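Let me begin by presenting the structure, written as structure tokens, before commenting on it.
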Amino acid sequence: MARNRPLYALAVLALVLAGCSAPGSDKKSSGSTTGPIKIALVDAQSGQLSSLGAWELKGAKLAVSEWNAQGGINGRQIQLDVFDDQGDPTTGTNLARKIQSEGYLAMIGTAESAVTIAMAPTLKTAQIPNITSGQSPGLVAVGSEFLFLNGPTSTTYDETLAKYVVDQQGIKNIAMITNNGSYGKGEHDAFTKALAKRSVTPVADQVVTTDQKDFSAALTAIRQKSPKLIFLGAEEVESGLIVKQARDLGITAPFAGGAPQGTPVFLNTAGAQNVEGTIVSSPYLSNDISPASKKFADAYKAAYGEDAELHGAKAYDGAQIMLTALKNSNVATGKALADAIRATKYQGLLGDFAYDNTGVGIFATSIGKISNGKLVAATS
Amino acid sequence: MQVFFQTIVGGVSLGAIYALVALGFSLVYRTMGLVNFAHGNVVTVGAYLASTFYLSAKLPFAIAMVVAIGVTAVIGLVIERVLRPLENRDFDLMLIGTIGFGIVLDALVIMIWGATGRAVPSPVPAAPLSLFGLRIRTYDLVVLAIAAIATVLLVLFLSRTKRGTAMQAVAMDHEAATAVGIHVGRSNAIAFAIGAGLAALAGGLVGPLLYVNPALGGTLGIKGFAAAILGGFGSIPGAIVGGLAIGVLDSFAAGHFQGYSELVTFLVFTVIIMIRPTGVFGERTVNRA
């Protein structure tokens, strides 16, 4: 952020100057037809959620550099600029105004539903299409025709999970521990709903805060109910800490959850032997599921020297959809670009995308299990 | 009952860490009357250094800790040296200066180690002890022991050594101390170096308990600061009591109020401070602000 300060001051100055000039004379600030195609990537590059932001940046950058290597779109290169929202909705809304004033055609990000929801009204007014990595049902509730998701919503994740756990495995003695952030709250509501549909009531329903570090009280309460399974709705690091402390407290029941529980950060934080048997509902179980994912994982490894995972894959898919729509629409902007995204049918790493009116393009996840430190497809 | 005691055990282990952070805050405050707002960031730096020496350089955990404490103490010296011209001239600028250093350290951490964090495996692999149905992590006992030793050493240094007594003298009246030939700048430098060393000790110890990332020091810094205030800002025993109290309070609030625990913790904290503004041990020997 700090090194953008002079740039920011310049932008403010430019705005003031623009305000001084005659109305209608500043048309060239957006929608220009020459020069690079400007796309903004907004994500947490600092703060507790920065690992999400880092993965997302890597995935999106990979897609953009592939397109640029092939000559860009209509002979124009794609310029992906990174903005740090610090995982904070207020910072996000400021950035929304900034990318509007600096003439960005479209936005990729953020990975945090709360930030995306905060930015959505500004982006809607500015008619800037946005493909987010958030998955909260709240994103759909915003009802913006410029907001698209690059994965399924929590409802899909948790419905698939409940189906596997309750219907197929017959486990009914389930405890829940979720955080009160936008992701955790979405998971809590979606999973409770999925359980209620099967007339299952969780034996314990513990809520923790997003930056809590000691979970002894919540976990001891859960231990007393001796559940068969513990549903976990929290981000990567916190989930890892919860599992680590649960094992230290002598809880042996397996955990189950959505996207965060399939990540290496979760596994490393908790310790590989502690997460053994964790059930994960995810649209991207591993890098070996298809030739496309293998190709993606190889390119990712070559570019960044680390293994690809779900969030990078999601951002890659999202960026591919955005760029395909830009190409199909001959670098349209505003509503025309949003319509082009909606019309894009794309076979991605997560599955086949076909957007409906709510901005959701994919409606399925698979069930995986962590076995020997690796996430593999579950054999039911 | 089991929940009750297990909650205390959980709270005490993090409380010991808060106590170490609070000690650093208090030591600098009692010596200089200055709140070092970069303290939380120094904790982060300490945590990264310790984990780097432990994981990448493959040093034994204890040696990695000592090296990390040494390096961060040097950072403390640098901060003090840069701020020294402002000492006794512009106090507000000094405060802003520490905030500035905090931002610089934060940026440096992200530049060197990246925005994503790392998990540190526990250096004490032994299984948790089981005692009357309570589970106590062996590593927690190590943390408590080290925190206790560090406190005792600090108290001995302040009360038994010439340098320590000189620091106490500066804390009470720096003009009189200067008059009898005590080098105030050096005394401040030592306070900053020890404070930073304590921060590194807290950061290094908390690594295996939590997850080392750039935001680590932020939370610990706020809780540690609250602990120092609660115990009586500037008081050494106050920092220990305050740290443990915040840890246990936090743990109980989490159990009873779940999602609202943070709110409850700080509400209780505010009420205590309103009743007793000087904190539990409220020895306000320092009043240079």
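The values are calculated or read from the model by the stated rules, or taken from the named source; none is laboratory data. Because the structure is a prediction, the values reported are computed rather than measured. We place every Cβ from the backbone using ideal geometry, glycine too, and count neighbours over all the protein chains shown. To get the accessible areas, we keep the full protein, side chains included, count just its heavy atoms, and leave off ligands, DNA and RNA. Shrake-Rupley method; radii C 1.70, N 1.55, O 1.52, S 1.80 Å.
Tabulated results
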{"read-out": "Percentage relative contact order, chain A, counting C-alpha pairs under 8 Å, at least six apart", "value": "18 percent"}
{"read-out": "Debye equation applied to the C-alpha atoms of chain A, log10 I(q)/I(0) at 0.06, 0.09, 0.10, 0.15 Å⁻¹", "value": "-0.23, -0.52, -0.63, -1.29"}
{"read-out": "Computed accessible area, B:MET111, all protein chains, 1.4 angstrom probe, square angstrom", "value": "150 Å²"}
{"read-out": "GNM flexibility winner over chain B from B:ARG137, B:ARG186, B:ARG89 (Cα, springs under 10 Å)", "value": "B:ARG89"}
{"read-out": "Rounded percent of accessible protein surface that carbon and sulfur make up, chain B, 1.4 Å probe", "value": "73 percent"}
{"read-out": "Straight-distance crosslink candidates among lysines, where the alpha carbon sits under 19 Å from A:LYS345 and sequence neighbours closer than 8 are dropped", "value": "A:LYS314, A:LYS327, A:LYS335"}
{"read-out": "Aspartates and glutamates whose Cα lies under 14 Å from that of A:LYS61, excluding same-chain neighbours fewer than 8 positions away", "value": "A:ASP43, A:ASP81, A:ASP317"}
{"read-out": "Nearest-0.05 FRET efficiency for B:TYR260 and A:LYS374, computed from C-beta distance (R0 45 Å)", "value": "0.75"}
{"read-out": "Residue among B:LEU267, B:LEU55, B:LEU244 with the largest mean-square fluctuation in a Gaussian network model of chain B, springs linking Cα atoms under 10 Å", "value": "B:LEU267"}
{"read-out": "Two-site label geometry, A:ALA343 and A:SER101: point separation in nm, points 7 Å out along Cα→Cβ", "value": "3.4 nm"}
{"read-out": "Highest to lowest packing among A:263-269, A:235-241, A:123-129, scored as the average C-beta count within 10 Å", "value": "A:235-241, A:263-269, A:123-129"}
{"read-out": "R0 of 30 Å, Cβ-Cβ distance B:VAL280-B:VAL78: FRET efficiency to nearest 0.05", "value": "0.35"}
{"read-out": "In nm, spacing of pseudo-spin labels at B:ASP173 and A:SER290 (7 Å Cα→C-beta vector)", "value": "8.1 nm"}
{"read-out": "Rounded to 5, the percent of DSSP beta bridges in the protein assembly as shown classed as antiparallel", "value": "35 percent"}
{"read-out": "At least 27 Å along the helix axis (C-alpha) and Kyte average at least -0.5, DSSP helices within chain B", "value": "B:2-32, B:61-83, B:91-113, B:138-160, B:184-206, B:236-257"}
{"read-out": "Burial order of peptide ranges A:316-324, B:217-225, B:78-86 (average beta-carbon count within 10 Å, highest first)", "value": "A:316-324, B:217-225, B:78-86"}
{"read-out": "Interface residues in segment B:109-123 - accessible area drops by 20 Å² or more relative to the isolated chain, probe 1.4 Å", "value": "B:ILE110, B:ALA115, B:THR116, B:ALA119"}
{"read-out": "Per-residue average of Cβ from other chains inside 10 Å of A:177-186", "value": "1"}
{"read-out": "Helix-only [θ]222 nm of the protein assembly as shown, DSSP H runs n ≥ 4, -39500 (n - 2.57) each, per residue, nearest 500", "value": "-18500 deg cm²/dmol"}
{"read-out": "Between helix A:310-328 and chain A: long-axis angle, C-alpha atoms, 0 to 90°, nearest 10", "value": "30 degrees"}
{"read-out": "Heavy-atom surface of the protein assembly as shown, accessible at 1.4 Å and reported per residue (Å²)", "value": "40 Å²"}
{"read-out": "Antiparallel %, DSSP beta bridges [both residues in segment A:24-131], to 5", "value": "5 percent"}
{"read-out": "Other-chain or far-sequence residues with amide H under 5 Å of A:PHE83's (modelled H)", "value": "A:LEU41, A:VAL42, A:ASP43"}
{"read-out": "Count of lysine pairs in segment A:154-282 with Cα separation under 14 Å (8 or more residues apart, or interchain)", "value": "8"}
{"read-out": "Within a Gaussian network of chain B (alpha carbon springs, distance under 10 Å), most fluctuating of B:TYR211, B:TYR48, B:TYR18", "value": "B:TYR211"}
{"read-out": "Projected label distance in nm at B:ALA148 and A:GLU306, using a 7 Å step from Cα toward the beta-carbon", "value": "3.9 nm"}
{"read-out": "Shielding score for A:201-214, defined as the mean number of other chain Cβ atoms within 10 Å", "value": "5"}
{"read-out": "Residue-by-residue Karplus 3J(HN,Hα) for segment A:90-107, coefficients 6.51, -1.76, 1.60, Hz, glycine and proline x", "value": "5, 4, x, 5, 4, 5, 4, 5, 5, 5, 5, 6, 8, x, 7, 6, 8, 10"}
{"read-out": "Stretchable slack from A:SER65 to A:THR252, in nm (0.36 nm times residue separation minus alpha-carbon distance)", "value": "62.8 nm"}
